[in-house]
Amino acid sequence: MTKDELLEKANSLPLAPGVYLMHDKEGTVIYVGKAKKLKNRVSQYFQAGRGHNLKTHTMVGQVDAFDTILVGSEFEALVLENALIKQYMPRYNILLKDDKGYPLVRLSRDPYPKFTLVSRPATDGAKYFGPYGGRLETRSALDAIRRALRLPTCNKTFPRDIGKERPCLNHHMGRCDGFCRQEMTAEEYNRRIDLAVQLLDGKVRMVTAQLEREMLAAAEELRFEEAAALRDRIDAIKVLGKRQKIIAGVCSDFDVWGLYLEAKCCYAVLHYEEGKLTSKEAELFSTYDLETEGEILSALLLQYYGGRRTLPKEICIPAPIEDQEALEQLLAEKAGHKVAIKVPRRGERAQVLQMAADNAREEAERQTTSQERSDRTLELLAKLLGLESPPEWLESYDISNTGGEDIVASMVVFHGSRPAKDRYRRFRIKELDGHPDDYRSMEEVLTRRLTRYMEQDKRFLPLPDVFLIDGGEQHAKVAQRVVGRFGLSVPIFGMVKDDRHRTRALITPEGREIGIQNYQAVFTLIGRIQEETHRFAITFNRQSHGKSVRGSTLDGIPGVGAARRTALLKRFKSLKAIREATLDELMAVVPRNAAQAVYLWAHPEEGTGEPPAEG
């Protein structure tokens, strides 16, 4: 279908909530989205001049058809969107790894039910808990629950093996109450299993309180051995509640999210219980390059918590999300209690948010090489600028002058994300006669640079993949005009600064501004290039201005021409050193008559006569 046909179809949709599926020419689902009003949302994709970000623009360019599913509410749209994303795994949606990577705990339906670790649930009537973070942590936590409740960990099958053999070593070590003995009942076994289920549901305090009541009752009835066993069990469960990562991880009082969206994308979740940090989860994930932080968070929260049975009471995130109310409703229905999603701006929660962000960054950088970070940054820059491939060479220019004098320009070259200082060049502006004009200066510099290229001067080969011009739209237009005169084609962008003299955006010669502040890696790279270009220009300007000031001061001395002035500055480095030099030291550089004239210039208080000889 053409874009006009797609727009016509979108405009015929109802103003009702629903889910839409975008298909490419092969019929593959490439994006799944939800909307409060399908007509408004879907039609926006195909309207000319909407100013879509690069991700949306690229995705829309591949859409050949779309389907919609009407639902009764925004909440239902959220649930259906999540299910369809898992079903189709569309390339333009954020995707975490599949649930098969997260272990679940299975409780069988037997007279003596057992806990096992599985990768996915089945329709077998068993009870499932999770999914949890990792297999090792899950297995360790399950073993800790068995030990705390003294449940068997052996391979015996009950009731078949009851009374057939003597209890194993675990019973003698106090790790199991020996349910293979005739005196242990199925009722007591299942009571312990019920306590384990409550622990897996995160009800640590409830289980502890129940056992404390049993302990007090046993003590009052003088059953001290049983009371002592219950006390040990309570202590073990309290330790389990503090250290067991699975319970703390999925049943914490609040979770705090951090994101890192550079060379590799990573999230980190800090789990807190009773105000204390109990555990951390961090994982790399895939996203299309230019998703916003809010879009990424919305997708992550839904996929992360969507498959879990027990949830925190509060989730702190670093940026607001559009579907917050619907997501809160969905999570509350899963958890059986209110789940609040918040964006802290101040106080302790805001500080913890920063800590979560630091954890996400550290995890991502630990698994990312500097070359991968550089490659990712250049790929993102290419997408922002509409380049066919990541730029290998970037060339930047800046003009510097001092009140119309000593007008100079700098040419700074970056190879990828690193400065190539051996390719830096400096230019003195020759055609302005002391009248500053940044546009004409830029024209002169680029003309000279491209002339050298056309002459195949090795110092100016090859041409860059991008010209970056310090300045706005007009500077970029000047550069485009010069490049066009040579019959060349090089992408040109002006570097637009904010009030703090940082490059906040790039701009084309046609005036299209490209914001970079939301893309930290690109923002940092362009900022480095701009600062280095400015530094190089200012340094050259100061050197040139200093030489001209020193030169003009010495020009009035009889017998001191350009050659002798240069020799004196080369030897003494500064005017102050020349003034402090003795006659003999001056005579070592220039003839006696010139040395005497310089000495008199430096010591006017000694009159016009010949100064006394030194030494």
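The values are calculated or read from the model by the stated rules, or taken from the named source; none is laboratory data. Source: prediction; values computed, not measured. Heads up, the Cβs are rebuilt from the backbone with ideal geometry, glycines too, and the neighbour counts pull from every protein chain shown. Note: accessible area is taken over every heavy atom of the protein model, side chains too, but ligands, DNA and RNA are not part of it. Shrake-Rupley method; radii C 1.70, N 1.55, O 1.52, S 1.80 Å.
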Efficiency of FRET between Glu388 and Ser12 - r from beta-carbon atoms, R0 35 angstrom, step 0.05 | 0.45
Violations at 18 Å Cα threshold for listed pairs Lys3/Lys39; Lys313/Lys342; Lys430/Lys497 -> Lys430/Lys497
With contacts defined as alpha carbon pairs under 8 Å and 6 or more residues apart, what's the relative contact order of the chain in percent?
-> 8
Roughly how much of Phe486 is accessible, in Å² to the nearest 10, using a 1.4 Å probe?
-> 50
To the nearest 10 square angstrom, what accessible area does Lys497 show with a 1.4 Å probe?
-> 50
If you take the square roots of the eigenvalues of the alpha-carbon gyration tensor of the stretch 129-229 and sort them as a ≥ b ≥ c, do you get rounded (a/c under 1.5), prolate (a/b over b/c) or oblate?
-> oblate
Taking the Cα atoms only, what angle lies between the long axis of helix 224-243 and the longest principal axis of the chain, rounded to 10 degrees?
-> 30
Most positive-pole-ward Cα, Ala219, Val478, Ser489, against dipole of the chain from beta carbon charges = Ala219
Projected onto the charge dipole of the chain (+1 at Lys/Arg Cβ, -1 at Asp/Glu Cβ, origin at the Cα centre), which of Gly347, Pro17, Leu302 gives the Cα projection farthest towards the positive end?
-> Leu302
Just flag the GluC sites (Glu not before Pro) in the stretch 2-83 sitting in loop per DSSP whose Cβ has no more than 16 other Cβ atoms within 10 Å.
-> Glu26
Any idea what angle helix 347-366 forms with the longest principal axis of the chain, computed on alpha-carbon atoms, 0 to 90 degrees, nearest 10?
-> 80
Hull-based mean projected area of the chain, where the convex hull spans the alpha carbons, in square nanometres = 46.7
Counting only protein heavy atoms and rolling a 1.4 Å probe, one gets per residue an accessible area for the stretch 420-523 in Å² of 53
Cα coordinate range in the stretch 453-540, projected on the principal axes (Å, largest first) | 40, 31, 22
Cα axis of helix 520-554 to longest principal axis of the chain: angle in degrees, 0 to 90, nearest 10?
-> 20
Coil-residue chymotrypsin sites (Phe, Trp or Tyr not before Pro) of the stretch 302-397, DSSP, other Cβ within 10 Å capped at 14 | none
Give me the accessible area of Met1, 1.4 Å probe, in Å² rounded to the nearest 10.
-> 90
Residue order for His501, His475, His271 - accessible surface, 1.4 angstrom probe, largest first = His501, His475, His271
1/(1 + (r/R0)^6) with r = Cβ-Cβ of Ala65 and Lys576, R0 = 56 Å, i.e. FRET efficiency to nearest 0.05, evaluates to 0.10
For peptides 370-380, 110-120, sequence by mean Cβ density within 10 Å, most packed first = 370-380, 110-120
